[in-house]
Amino acid sequence: MELRVLRYFVESAKEENMTRAAERLHVTQPTLSRQLKELERELGQKLFTRSNYSIHLTPEGKILYKRALDILDMADKTLAEFDAMQDFNGGDIHIGCAESEGISHIAKAYRRLLTRYPNTHIHLYSGNAQRVTERLDKGLLDFAVVVQNIDISRYSSILLPSKDVWGLIMRKDSPLVVLHEIPMEKLIGLPLIVSRQGATAEMPEWFKRNYERLTIVATYDLIYNASVLVKENIGYALGFDKLIDTSADSIFCFRPLTPRIESPMYLIWNHTQVFPKAASLLLEELQSMQPQTP
């Protein structure tokens, strides 16, 4: 199975049209069609259903499409790493991260690295802990940043000098605004908007114990989308502080929970990870910024 043919397959799947795919790949349509049929013969599975004007992935084709994206991503990352070895002036760094204000520590280290190696590029992949660790385990990421209290014993890690505070994002005309902190029991009966992974082990213990008593009206992946629902008076978004504008001009405000719940922030990587130079230098910057133990 050649990388070139996998690129043909992925482009054809995206376009769902053989003619357009051939044009984008700068090959003739008969050449493209022949390569895809040879791929099907090699795998022993039909990958597309074909009609006069379009093509669509079969269930087997959808499996290959997901695998092909990972394979091509890894191949491109590897080529970029070796290109950077020729005359090092930077390189690519791939980081998976949750939404957290603590990402500012990564940004500060990256800015310091840029002053020495201006051709360095950072690529952020956003997702919850499960998604980013899956990509980390596959070698598609150099690092992952996780903010929940999850088991990180399988990884090397450093604790970053940041903790995320749990609370409610609400409109300033909410009756709860008069409270400086929101007691946990007040959450029961409120229309809550929670992250999609809200029912998993990533949530603080109180929520896991009381999840069945909560009224979940919506779930989200990105806190901005949750804030749109809050704006429309659909409910209260449960999340971290400092991710949504709560300044004087904003319609939103944030109230922390009490007892206070904080989630630590870790940078993790595989124990056996062999870093490209750019990633290794970023880690050195982050380690140099760590608070010194007396």
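The values are calculated or read from the model by the stated rules, or taken from the named source; none is laboratory data. Remember, it's a predicted structure, so these values are computed and weren't measured experimentally. Backbone-built Cβ (ideal geometry, glycine too); neighbour counts: all protein chains shown.
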Open item on the list: I'd like to check something: does region 20-37 contain any residue that is at pLDDT below 90, closer than 30 Å to Asn119 by Cα, basic (Lys, Arg) and out of contact with any Lys or Arg (no Cβ under 8 Å at 6 or more places or on another chain)?
Closed with: yes
- [ ] May I ask you to list pairs of residues, at least six apart or on different chains, whose Cβ atoms are under 7 Å apart, with the first in region 97-111 being among the charged types (D, E, K, R) and the second being assigned to a helix (DSSP H, G or I) and at pLDDT below 90?
- [x] Glu99/Ile223
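Going residue by residue through region 106-113, is there one that turns out to be of a type in the set (Gly, Ala, Ser), under 30 Å from Gln290 (Cα atoms) and at pLDDT 90 or above?
Checked region 106-113: at least one residue is of a type in the set (Gly, Ala, Ser), under 30 Å from Gln290 (Cα atoms) and at pLDDT 90 or above.
Please pick out the residue among Lys231, Lys208 that is free of Cβ contacts under 8 Å to residues at least 60 places away in the same chain and out of contact with any strand residue (DSSP E or B) (no Cβ under 6 Å at 6 or more places or on another chain).
Details: Lys231 fails: free of Cβ contacts under 8 Å to residues at least 60 places away in the same chain.
Residue meeting the stated conditions: Lys208.
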- [ ] Answer yes or no: is there a residue in region 143-152 that is closer than 22 Å to Phe275 by Cβ, among the small types (Gly, Ala, Ser) and not in a loop (DSSP other than H, G, I, E, B).
- [x] yes
TODO: Take region 225-250 and flag every residue that is in a helix (DSSP H, G or I), under 11 Å from Ile169 (Cα atoms) and within 20 Å of the chain's Cα centre (by Cα).
DONE: Ala226, Ser227
- [ ] Kindly establish whether Val27 is among the hydrophobic types (A, V, I, L, M, F, W, C) and either assigned by TED's automatic domain parsing to the domain that holds Asn128 or part of a helix (DSSP H, G or I) (or both).
- [x] no
